[in-house]
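Working notes, structure below.
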Amino acid sequence: MKSREYLTVAEVYGPLMIVEGVSGVAYGEVVDITTPDGEVKHGQVLDAYEDRAVIQVYEGTRGIDTFKTKVRFRGETVKFGVGLEVLGRIFSGRGEPIDGGPKPIFEDEWDVHGAPINPSAREYPSEFIQTGISVIDGMNTLVRGQKLPIFSGAGLPHNELVAQIARQAKVLGEEEKFAVVFCGMGITHEEAAFFINGFEKSGAIERATVFLNLANDPAIERILTPRLALTTAEYLAFTQGMHVLVILTDMTNYCEALREISAARSEVPGRRGYPGYMYTDLASIYERAGRIKGRKGSVTQMPVLTMPADDITHPIPDLTGYITEGQLVMERELHRKGIYPPINPLPSLSRLMKDGIGEGHTREDHMDVSNQLYAAYAEGRDIRSLVAVVGEEALTERDRSYLAFADRFEREFVNQGRDEDRPIETTLDLGWELLRSLPESELKRVDPKFIAKYLRPK
Amino acid sequence: MGRIVRITGPVVIADDMRGSEMYELVRVGDEQLMGEIIGLTGDRATIQVYEETTGIKPGEKVEGTGRPLSVELGPGLIGAIYDGTQRPLTVIREKVGDMIRRGVFAPALPREKKWDFVPRVKKGAEVVEGDVLGTVKESKIVEHRIMVPPGVRGKVLEISEGQHKVEDVIAVLETSEGKKNVRMMQIWPVRRARPFKEKLEPNLPLLTGQRVADTFFPIAKGGTAAIPGGFGTGKTVFLQQVAKWADADIITYIGAGERGNEMCDVLVHFPELKDPRTGESLMDRTALIANTSNMPVAAREAGVYTGITIAEYFRDMGYDVALMADSTSRWAEAMREISGRLEEMPGEEGFPAYLASRLAEFYERAGRVRTLGSDERFGSVTVLGAVSPPGGDLSEPVSQNTLRIVKVFWALDTGLAYRRHFPAINWLTSYSMYINNVQEWWKSKTNEDWKSLRDEAIAMLQKEAELEEIVKLVGPDALPEPERAVLESARMMREDFLQQFALHEVDTYCAPEKQIGMLKIIMEFYRNAVEAAKRGIPVEEIRKLPVKESIAGMKRLTAEEFAKQYRKMEKQLREQFDYLLRMKRAPAAEDKCSG
Ligand SMILES: Nc1ncnc2c1ncn2[C@@H]1O[C@H](COP(=O)(O)OP(=O)(O)OP(=O)(O)O)[C@@H](O)[C@H]1O
Ligand SMILES: [Mg+2]
């Protein structure tokens, strides 16, 4: 495809513009737009007709007019350079270096949309990542190649948690090449600085690539940012053999941008005004995690999203949960009690923990302990809400033991320090320690052989 | 030859398409991407494209193929993994690497592989559509029956034997329209249901090895079931459990718009698992369609048809086929996405107006049938569909339209999933309309009155729910002892019977005889407990009975161990309750109970 230039912008509305009198415009083609003041913007073709193209403008349409604006069709789809020089660098949401350094020398250019991993080429994820956080390692274990989001709420400490995970995450007994790709979408300067300073302090910055679309950067650019980040991650993982942790924050801002484009196109909306294709669009991001047979590296994703009004049924967490391999759900009530991290294990889930735990991975009793803790904590919380109505006097002895369990569980198991890095054995032993406070006949989720070995060790 | 005038996502509009037909397969653009005509106005065609359309330009050509979207049916289906349009994913990987690229072709059935064809008919025989001409041992489990294609009948002029490729002619028939070559492979348009002689009432259970299904809410062979639930409630695990353990001859598992790692899970774990009936690898009876959420949506839409056509084909051989579609909601959303690009008049929540009829047509392809062919053959396709309602709320169109059609409703419950009660199927809201159909089977197979037992169990759980409402207001202490005995027994039913952990090496599958044995013991406990409580035994005492531990351990026993233990447990139970009652009469026991 050759590049062609036009001065025929016919219409501009919202984040979109229509160019007429064009020919040979490809679906998905990239365009450079020069406004009358000489500002250069970028866009992509969303709808290609024989003589007309609908274009989404990443930097927003401010300054674009219908007389003098020049539109150059680049004759190619959106690409981004890949290479090892991206490590240690900070880019804008559009992929321009913003750390004052030179433009990196790339080894190749890849289509940012990637290509789906052939399901038959996938390697089933099974390597335990120890985050040092009990409620994650013990009950919602993360494995290499998983996509495990954090469902948070405004004002909850998801950034601290993500930073702690990025610092502490390791695969036991291995010295392998790892990298962090950080993708900020619509986050504030402070948040960005918090992460970058953190990476600098821990020295992780050398092995990190940062993409930043800040709150005051153009919203539509956010459509591009995670795709740049994932293209980089795929290169580092599958070409360079690194284990890459990708942090995507905040997906809620990404979805808002998606909604904005959809509204501008007057598309028939799905639920709550979000486009009907949001599931598929989000999947095109989240499914870019995984492992591939015969290749060394992995892409592990930890997306963060803030649930509007703490509502887990809102389309953003809902569609995310339907795609990702579990979720870590933060709860305001736990936060108010001063529990850190305020993760409520009950609505949380790791679907891939089954192959990543147990003998040869963590410890033989892991699955049973986890299940028993779940069941007991759920029971304890039920009784807690019962007490609110009927008072503690009405409880049976059994009920009381659950009530006490739930309190201790929150304070001792879930709660931990922001720098505390608990080995998995400590986490599991702590679990047994708490279970000891329940009548033994209640421990139905645990295989009797583990009761003998771990509950009442000699 | 047509010309592209517009591209918007998976939809392409082309002009100069005169002579094309609705649902015709076309080749789109210079890269010859696969597409299907889904709308025609004058000589303008609307095409859904099964591959990524980025980079395609107006002006590029569109070529018709004169054929509708079809599948290849013949040896080679078992153990294969296909995308929604039946592209063989393992072959595609060999050709273009780990990432799926567009514009790659590969035949669905291997062309060079030779199969040992064993004829069943002799020269001179008169055969009709559906007659088995011969067989091929496709896998250790599956005997692939090569049939006379629908619409063909005649005299066998020639019949082969021995090593053949799928495209080889294995028989020549003298028909009223002249000689006709029959090959091992048939081609069938996916959107057309395959014919059969007669639909029959489903009257055998499809045994899944999952207690909550088989005992409480059974599905019949040839029946339809839906399993709706919010994310993470257990749809996929449940469908995979059924795919593993159901007493079906063939499994067709469709991953429509779901996760890549889940398909990988099947590919990795099925081959290692043994079919409980044949002892062979489970992969030896399974065909997979994997069109994950990040693969093209139009192919997701087609994948459901590809899968059910394969299922019907095996049914026609006289097999019981179970088909899982995970998730029908993603399939419906694919329709919505495409319809949205067409700027069609949307129905509810943006879904196309034809959503209800598409769902009905799909489930209608389930059934137990008398197949074509002159021998009496029966086959079935059982359809199990996952439904993924937004926010877990079933008032949305896909759930509602599905529930109007299917006969079994396994209602997943987020609350149960949160407390790790798995399978998180709610015993109060679920239902099965096959209870009467399968009752006879249970009677003849186990000699037990399964239906009464099950009804009694459900009534007990219903009672529990009512009592729980009271407890919420006044606390557990306020209930009279017999009612507390109900709560105690219902808890036992939930924890020791309904909960079934998919990952437990033994409990992952529970044979029907064991299911009914477990049910009997628990109901026996229930009756005794209530009776004892009525006679003044405090529930605290009942709770301490050692038999409770044996009951809790039933799950972990293999079917053989359980059969051995059963009488002993029954006896233990009776003796322990007798003992309680005797102690009650003896004054010494009074103090012990008053605490
Ligand atoms: N029968 C079961 N035994 C043990 N664990 C189960 C069972 N059913 C579900 N689970 C647990 O619940 C998790 C979620 O189940 P599953 O993946 O089937 O949910 P889903 O309903 O298909 O969700 P989604 O709609 O997001 O695909 C599993 O990863 C597993 O941990
Ligand atoms: Mg699922």
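Stretched out straight at 0.36 nm per residue, the stretch from B:Leu342 to B:Ile187 would grow longer than its current Cα-Cα span by 52.8 nm.
Taken about its Cα centre, the stretch A:26-133 carries a charge dipole of roughly 280 debye when the Cβ of each Lys and Arg holds +1 and the Cβ of each Asp and Glu holds -1.
Here, the stretch A:13-130 is characterised by an Rg to Rh ratio of 1.08, where Rg is the alpha-carbon radius of gyration and Rh the Kirkwood radius.
Calculate the FRET efficiency for B:Ile470 and B:Arg535 from the Cβ-Cβ distance with a Förster distance of 30 Å, rounded to the nearest 0.05.
Working: r = 23 Å, r/R0 = 0.75.
Once rounded, the FRET efficiency stands at 0.85.
Computed over the Cα atoms of the stretch B:450-585, pair by distinct pair, the Kirkwood hydrodynamic radius stands at 15.5 angstrom.
Taking every pair of distinct Cα atoms and averaging 1/r, then inverting, what Kirkwood hydrodynamic radius in Å comes out for chain B? It would help to have the intermediate numbers written out before the result.
Values: mean 1/r = 0.0378 Å⁻¹.
After inverting the pairwise mean of 1/r, the radius is 26.5 Å.
By the helix-only formula, in which each DSSP H run with n ≥ 4 contributes -39500 (n - 2.57) and the sum is divided by residues, the protein assembly as shown has a 222 nm mean residue ellipticity of -10000 deg cm²/dmol. Ellipsoid semi-axes for the stretch B:297-379, based on the Cα gyration tensor and the rule √(5λ), read 32, 12, 9 Å when sorted largest first. In a DSSP loop and with at most 10 other Cβ atoms within 10 Å, there are no trypsin sites (Lys or Arg not before Pro) in the stretch A:203-307. Along the Cα-to-C-beta direction of A:Ile451, a point sits 7 Å from the Cα; which residues of the stretch A:403-425 have their amide N less than 11 Å from that point? Label zone hits: none. Taking the charge dipole of the stretch B:2-68 about its Cα centre, with +1 at Lys and Arg Cβ atoms and -1 at Asp and Glu Cβ atoms, the residue from B:Val26, B:Pro10, B:Pro58 reaching farthest to the positive side is B:Pro58. Compared with its chain on its own, the stretch A:110-148 contains the following residues whose accessible area drops by 20 Å² or more in the full protein assembly (probe 1.4 Å; ligands, DNA and RNA excluded): A:Ala115, A:Pro116, A:Ile117, A:Asn118, A:Pro119, A:Ser120, A:Ala121, A:Arg122, A:Tyr124.
Please find the FRET efficiency linking B:Asp477 to B:Glu361, where r is the Cβ-Cβ separation and R0 is fixed at 41 Å, and quote it to the nearest 0.05. Walk me through the numbers on the way to the answer.
Details: r = 56 Å, r/R0 = 1.36.
Calculated transfer efficiency: 0.15.
Taking Cα centre as origin and charging only the Cβ of basic (Lys, Arg, +1) and acidic (Asp, Glu, -1) residues, the dipole magnitude of the protein assembly as shown rounds to 2260 debye. Charge tally around B:Arg44: other residues with Cβ under 9 Å, Lys/Arg +1 each, Asp/Glu -1 each, net -3. When the Cα atoms of the stretch A:80-353 are aligned to their principal axes, the ranges along those axes come out at 46, 43, 41 Å in descending order.
Expressed as a fraction of 2.2 N^0.38 Å, the C-alpha radius of gyration for the stretch A:388-445 is 1.35. Spin-label pair A:Lys444-A:Arg400: with each label point 7 Å from Cα along the Cα-Cβ axis, the two points sit 2.4 nm from one another. Summing +1 for each Lys or Arg and -1 for each Asp or Glu among the other residues whose beta-carbon sits under 11 angstrom from that of B:Val118 gives 0.
When the residues B:Phe577, B:Phe105 are ordered by accessible surface, computed with a 1.4 Å probe over the protein chains alone, the sequence from largest down reads B:Phe105, B:Phe577.
Quick one: Debye curve from the alpha-carbon atoms of the stretch B:104-168 only, equal weights, vacuum; give me log10 I(q)/I(0) at q = 0.12, 0.18 Å⁻¹ to two decimals. Debye intensities relative to I(0), on a log10 scale: -0.34, -0.73. Using C-alpha pairs below 8 Å separated by at least 6 residues, the relative contact order for chain A is 17 percent.
These residues, B:Lys123, B:Lys451, go from largest to smallest accessible area, 1.4 Å probe, as B:Lys123, B:Lys451.
Tell me which GluC sites (Glu not before Pro) from the stretch B:488-567 have a DSSP coil assignment and no more than 11 other beta carbons within 10 Å of their own. All intermediate terms of the calculation are to be shown ahead of the outcome.
Values: sites: B:Glu488, B:Glu495, B:Glu505, B:Glu513, B:Glu524, B:Glu531, B:Glu540, B:Glu541, B:Glu549, B:Glu560, B:Glu561; in loops: B:Glu505.
The qualifying sites are B:Glu505.
Relative to the isolated chain, which residues of the stretch A:278-309 have their accessible area cut by 40 Å² or more in the presence of all protein chains (1.4 Å probe, heavy atoms, no ligands or nucleic acids)? At a threshold of 40 Å² (probe 1.4 Å), the residues of the stretch A:278-309 that become less exposed are A:Tyr279, A:Thr280, A:Glu287. Taking the Cα atoms of the stretch B:344-441, the ratio Rg/Rh between the radius of gyration and the Kirkwood radius comes to 1.06. Other residues lying with their Cβ under 11 Å from the Cβ of B:Glu575 contribute a combined charge of +2, Lys and Arg counting +1, Asp and Glu -1. Modelled this way, with points 7 Å down the Cα-to-C-beta line, the labels at A:Arg384 and B:Lys137 are 6.2 nm from one another.
With an 8 Å cut-off on Cα pairs and a minimum separation of 6 or more residues, tell me the relative contact order of chain B in percent. Don't jump to the answer; show the numbers that get you there.
On the way: 1268 pairs, mean separation 74.7, N = 595.
Once normalised by length, the contact order is 13 percent.
Dipole check for chain A: with +1 at the C-beta of Lys and Arg, -1 at the C-beta of Asp and Glu, and the Cα centre as origin, the magnitude is about 520 Debye.
Residues of the stretch A:37-76 with an amide N closer than 15 Å to a point placed 7 Å from the Cα of A:Glu5 along the Cα-to-Cβ direction: A:37-41, A:68-75. Projecting the Cα atoms of B:Thr558, B:Met569, B:Ile542 onto the dipole axis of the stretch B:450-585, where Lys and Arg carry +1 and Asp and Glu carry -1 at the beta carbon, places B:Met569 farthest toward the positive end. Exposure here means at most 15 other Cβ atoms within 10 Å; with GluC sites (Glu not before Pro) in a DSSP loop as sites, the longest stretch of chain A lacking them is A:177-358.
Label-to-label distance, B:Ser395 versus B:Arg101, with points set 7 angstrom from Cα along the beta-carbon direction: 5.1 nm.
Percent of C-alpha pairs per 10 Å bin in the stretch B:196-434, short distances first: 8, 33, 38, 18, 3, 0.
Both the radius of gyration and Dmax for the stretch B:260-398 are 17.2, 53 Å, in that order, over alpha-carbon atoms. If I take every Cα pair under 8 Å that is 6 or more residues apart in the stretch B:450-585, average their sequence separation and divide by the length, what percent do I get for the relative contact order? About 30 percent, as a whole number. The ellipsoid equivalent to the alpha-carbon distribution of the protein assembly as shown has semi-axes of 49, 42, 24 angstrom, derived from the gyration tensor eigenvalues as √(5λ) and listed largest first. Farthest towards the positive end of the charge dipole of the protein assembly as shown, among the residues B:Asn261, A:Gly186, A:Leu212, is the Cα of B:Asn261, using unit charges on the Cβ of Lys, Arg, Asp and Glu. Across the stretch A:4-76, the convex hull enclosing all Cα atoms gives 68 Å³ per residue.
Is there a pair in B:Lys122/B:Lys244; A:Lys449/B:Lys274; A:Lys103/A:Lys293; B:Lys463/B:Lys571; A:Lys296/A:Lys444 whose C-alpha atoms are over 29 Å apart, and which pairs would that be? In this structure, B:Lys122/B:Lys244; A:Lys103/A:Lys293; A:Lys296/A:Lys444 exceed 29 Å between Cα atoms.
The values are calculated or read from the model by the stated rules, or taken from the named source; none is laboratory data. Just so you know, these numbers come straight off a predicted model, no measurement behind them. Positions of Cβ are generated from backbone atoms using ideal geometry, with glycine treated the same way; all protein chains shown enter the neighbour counts. With ligands, DNA and RNA removed, areas are computed over all heavy atoms of the protein, side chains included. Shrake-Rupley method; radii C 1.70, N 1.55, O 1.52, S 1.80 Å.
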